[in-house]
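Only one structure is covered here, and it is reproduced in the block below.
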Amino acid sequence: MEKSIGKLVSLLWKKETLAVLAMVVVVWLCWIFAPDLVSIGLESKSTREASKRALVWLGPRAFGHLLQASKYYDTENWQKTVGNICKNAENNDKAIKALISSLPDVNAVDMDGWTLLHFAAGQGCLHLVEMLIQKGANVNASNFGWTPLHWAADGGHKEVVTYLIKNGAEVNAKEMQGNTPLHCAAVAGRLDTVRLLLNNGAEPNLKTADGETVLDQAIRWDRHEIVELLRKHDAKTSEEMDKEYW
């Protein structure tokens, strides 16, 4: 009798072990390949429909958690997915709202340290920027000093720049090399964005870690119209500032 019971327990234990192992394998496969499937889907001909399909396949909450989970596996997939969503946010309002509300933390970062707000600002997606900030996204989220305003200024996205500033973005924030959003806009040749930043308190004579002012960089990159605009705002080269100091 005891032997029979022992055999039965042993058999059940083996079946349970196999079931657990099978489950582990399935979860592992989903973890590895799901980000690729979502990314592939979002790159299809209709990004809007692909986004909806991804949300249907996984459900809004699972899709949101997937974006966060995949950051530990492949930043490129995470970034690509977010990028495609940003580009089509206005056409996919319900899916975007579902996605944002499902995220465990609106300020979560990928493995490179970037937030959703950085991506949205960098791609000029005002609608998504607004939604993220309304949900509590940190307008001054920093990664090596780079804020969403740096990204928006570099891309010349004036509406996003305006919205970020109105919501508390630090106009003169410096990234680790000392570049401000104004430096980024000037180097990128974003004349209107440079004007917008100057009119909203951007300091034209802050120096980078290499000692360059915005005017130095604009001259070096042959941004002639920006040089002229900066001069009207009393911008100086580092050499001119040094002469005044001494």
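Among residues other than Thr208 whose Cβ falls under 10 Å from its Cβ, what is the net charge (Lys/Arg +1, Asp/Glu -1)?
In short, -2.
Say the cut-off is 25 Å between C-alpha atoms; which of Lys166/Lys236; Lys174/Lys236; Lys97/Lys174; Lys207/Lys232; Lys135/Lys158 go over it?
Result: Lys166/Lys236; Lys97/Lys174 exceed 25 Å.
Kindly identify the stretch 130-246 as rounded, prolate or oblate by the Cα gyration tensor criterion: order the square roots of the eigenvalues as a ≥ b ≥ c, call it rounded if a/c is under 1.5, otherwise compare a/b with b/c, prolate if a/b is larger, else oblate.
prolate
7 Å from Cα along Cα→Cβ at both Asn205 and Lys166: what's the point-to-point distance in nm?
For the pair Asn205/Lys166, the computed spacing is 3.2 nm.
All of the numbers you see were taken from the coordinates with simple rules; none came from a lab. This structure is a prediction, so every number in the text was calculated from the model and none was measured. Reconstructed Cβ throughout: ideal geometry from the backbone, glycine too, with neighbour counts over all protein chains shown.
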